[in-house]
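Undergrad: Before we start, here is the structure in question, set down as structure tokens.
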Amino acid sequence: MQTLFLRIYGSVILAVSLVLLLSYLVFSSVNQHRYQQHLAEQLSGTLYLLKQGINRQTNTANRERWLELVASLMNVSLSLVDKPPNLNKVSISTNVQANNGYIVEYPINDTHLLTMHLNGVSEQIATGTAFLLLNEIGLYSAQQRQAAFDVISNQFHYPINRVNEASQLLDSEQLERLARGEMVIVWQTEFDSSLSFDIYAPWGNSQDLLKLGTIKVFEQYPHWLLISGFIAVLSVLAVVILFIIRLLVKRLTYIQDKVDAIEPELIQAEEIPQNLDVINQLTWKIDQMALRITRLIEQKHQMLRAVSHDLRTPLSKAQFRLETLNIQLGVDNALIAQTKADLNQLNLLISDLLSYEKLTDNKAIVKENVALNSFVLAIVQGMQIVFPHIEFTFQAQQECALKINKQLFTRMLENLLNNAARFAKESVTVQLTNHQQNIVLDVIDDGPGVDEQSKQHIFEPFYQQDQSRSNKTSGYGLGLAIVQQIASQHDADISLIDTQVGAHFSIHFQLKGSE
């Protein structure tokens with residue numbers, strides 16, 4: 001029982017640990033996926049501007065110089081590689097060689113792929129994007145710039161606008177920086193946490209400004225959400241465990257009541273130790289019940305041996321007196337002969353009872369390797385002498401060897417042959433077959449057979465049939481019970497095979513190493 005609860009507690013701890021680990025992995029995986037999606041959205045406009053700038057360069061040398069300048073401006077790593085045929089959209093993956101690093105792959109044409117190594121969206125990338133945007137618009141005439149700006153703005157996932165009322169949005173220091181041609185970053189905070197920012201840049205020589213944003217900073221799911229989810233899972237587990245324990249206690253209490261009902265007066269007479277829970281109480285009561293059962297079995301053995309011994313003494317006296325009476329009468333008396341036969345039957349019953357009692361002790365028996373063919377043949381020939389009116393036949397196709405107890409095996413086969421001979425009309429056949437995995441011993445007679453009702457009880461002690469097979473003899477039903485016990489001690493199985501004529505008993509001996 002202690003092992004059972006250790007398993008329960010161990011399973012609970014393992015389940016909690018697995019839930020915690022899985023919750024963390026799911027939490028991290030979800031945040032990672034969300035951030036990669038956020039990164040793809042924030043870089044969509046930047047990647048478009050990079051694509052336009054690269055495709056404008058006339059040769060490889062110009063492309064490399066242009067990429068170096070932009071990479072220095074954004075503080076990222078940029079390079080051009082050959083494009084795989086199956087990559088047609090932006091791809092973001094984790095850079096295993098850099099902590100918190102990412103690799104962005106973006107096809108710029110049919111042959112080349114732009115790769116960007118970065119740690120995330122930063123202020124430098126945002127200001128570099130504003131620089132590229134102004135540079136791209138500057139390539140158009142004043143009349144075309146607004147249309148080009150509208151086309152480019154559609155590539156961004158955050159707003160970009162041309163504003164002219166900056167005084168209402170910025171302070172004097174920021175306006176002075178813009179007047180000097182610098183870019184200004186304005187952070188928007190909430191609860192002392194930076195949530196987003198805007199970027200302002202001068203729009204050429206005009207009084208207007210380019211505004212990028214609001215650009216949102218990525219927010220991970222808060223850890224309190226993970227903790228709350230874990231607490232919720234633990235609460236569910238606690239309810240489930242409580243239900244299981246209550247159900248287990250209920251069942252154990254039911255078993256305890258059943259144990260008490262076996263011999264309540266004895267249990268009440270025993271002094272139950274104090275401060276025991278339901279498990280320890282049940283364990284204690286089962287131990288006490290086992291001790292009582294052991295004592296009862298031993299008392300049964302002693303009583304049976306004593307009764308058998310006490311019965312044999314008056315039986316011997318009765319047999320002696322019958323012999324004396326028969327001598328005094330000087331002639332054989334049929335009544336005396338029948339009485340002597342009954343006394344012999346009682347002696348046989350007592351012997352069978354003692355034999356069956358010893359066999360049910362399940363004590364280890366001494367076995368030895370025996371050549372079965374000659375051993376079984378000798379037993380069959382001995383039974384032929386006892387029953388001369390029955391034809392005994394022994395059949396064996398090949399030599400069989402088995403580890404057996406000779407005395408018990410002889411008793412088992414003699415009981416089977418004696419049972420078969422009493423019911424047979426003319427013949428009894430013994431077959432010995434050596435299979436690869438077992439040896440089979442069959443005893444077949446041509447008697448009236450066994451009715452369907454009796455087949456289920458044929459090996460029970462003291463069971464007798466009610467029909468023709470039992471009418472020929474007055475056996476006490478211990479012979480086949482002894483046969484089954486001896487077969488069991490030889491790790492063999494005995495069964496009654498269905499046949500149209502007679503009875504067919506089959507014993508299967510398992511060969512060592514065949515299991």
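Undergrad: Being within 30 Å of Thr433 (Cβ to Cβ), acidic (Asp, Glu) and surrounded by 14 or more Cβ atoms within 10 Å (Cβ to Cβ), is that true of even one residue in the stretch 373-396?
TA: Within the stretch 373-396, none of the residues are within 30 Å of Thr433 (Cβ to Cβ), acidic (Asp, Glu) and surrounded by 14 or more Cβ atoms within 10 Å (Cβ to Cβ).
Undergrad: Now for a separate question. Of all the residues that make up the stretch 194-251, how many are in a helix (DSSP H, G or I), over 25 Å from Gln32 (Cα atoms) and of a type in the set (S, T, N, Q)?
TA: Within the stretch 194-251, residues that are in a helix (DSSP H, G or I), over 25 Å from Gln32 (Cα atoms) and of a type in the set (S, T, N, Q) number 1.
Undergrad: Next up: Can you name the residue in the stretch 149-170 that is modelled with pLDDT under 85, out of contact with any Ser or Thr (no Cβ under 9 Å at 6 or more places or on another chain) and loosely packed, with under 15 Cβ neighbours inside 10 Å and, of all such residues, is farthest from Asp208 (Cα to Cα)?
TA: Gln168
Undergrad: Scan the stretch 133-145 and report the pairs whose first residue is farther than 16 Å from Lys211 by Cβ and not assigned by TED's automatic domain parsing to the domain that holds Gln57 and whose second residue is assigned to a loop (DSSP other than H, G, I, E, B) and of a type outside the set (D, E, K, R), with Cβ atoms within less than 9 Å and a gap of 6+ or a chain change.
TA: The qualifying pairs are Gly138/Gly204; Ala142/Gly204.
Undergrad: Now for a separate question. Mind checking which pairs have a first residue in the stretch 299-320 that is under 18 Å from Leu359 (Cβ atoms) and a second that is among the acidic types (Asp, Glu) and not in a helix (DSSP H, G or I), Cβ under 9 Å, 6 or more apart or different chains?
TA: If the second residue must be among the acidic types (Asp, Glu) and not in a helix (DSSP H, G or I), the pairs left are His301/Asp361.
Undergrad: To continue, here is another question. I'd like the full set of residues that are farther than 23 Å from His157 by Cα and in contact with a strand residue (DSSP E or B) (Cβ under 7 Å, 6 or more places away or on another chain), limited to the stretch 22-38.
TA: none
Undergrad: Return the residues of the stretch 171-189 that are in a loop (DSSP other than H, G, I, E, B) and crowded, with 16+ Cβ neighbours inside 10 Å; say none if nothing qualifies.
TA: Once the filter is applied, which keeps residues that are in a loop (DSSP other than H, G, I, E, B) and crowded, with 16+ Cβ neighbours inside 10 Å, the stretch 171-189 yields only Met183.
Undergrad: Ok, one more. Only residues in the stretch 57-80 that are in contact (Cβ under 8 Å) with a residue 24 or more places away in the chain count as the first member; pair them with residues that are of a type in the set (S, T, N, Q), Cβ under 6 angstrom, at least 6 apart or cross-chain, and list the lot.
TA: Met74/Gln124; Asn75/Gln124; Ser79/Thr115
Undergrad: Out of Ile379, Ile350, Ile327, Ile336, report the one residue that is aliphatic (A, V, I, L, M) and in contact with a strand residue (DSSP E or B) (Cβ under 9 Å, 6 or more places away or on another chain).
TA: Working: Ile350 fails: in contact with a strand residue (DSSP E or B) (Cβ under 9 Å, 6 or more places away or on another chain); Ile327 fails: in contact with a strand residue (DSSP E or B) (Cβ under 9 Å, 6 or more places away or on another chain); Ile336 fails: in contact with a strand residue (DSSP E or B) (Cβ under 9 Å, 6 or more places away or on another chain).
It is Ile379.
The values are calculated or read from the model by the stated rules, or taken from the named source; none is laboratory data. Note that the structure is predicted; figures quoted are calculated from it, not measured. Cβ atoms come from the backbone with ideal geometry, glycine included; neighbour counts cover every protein chain shown.
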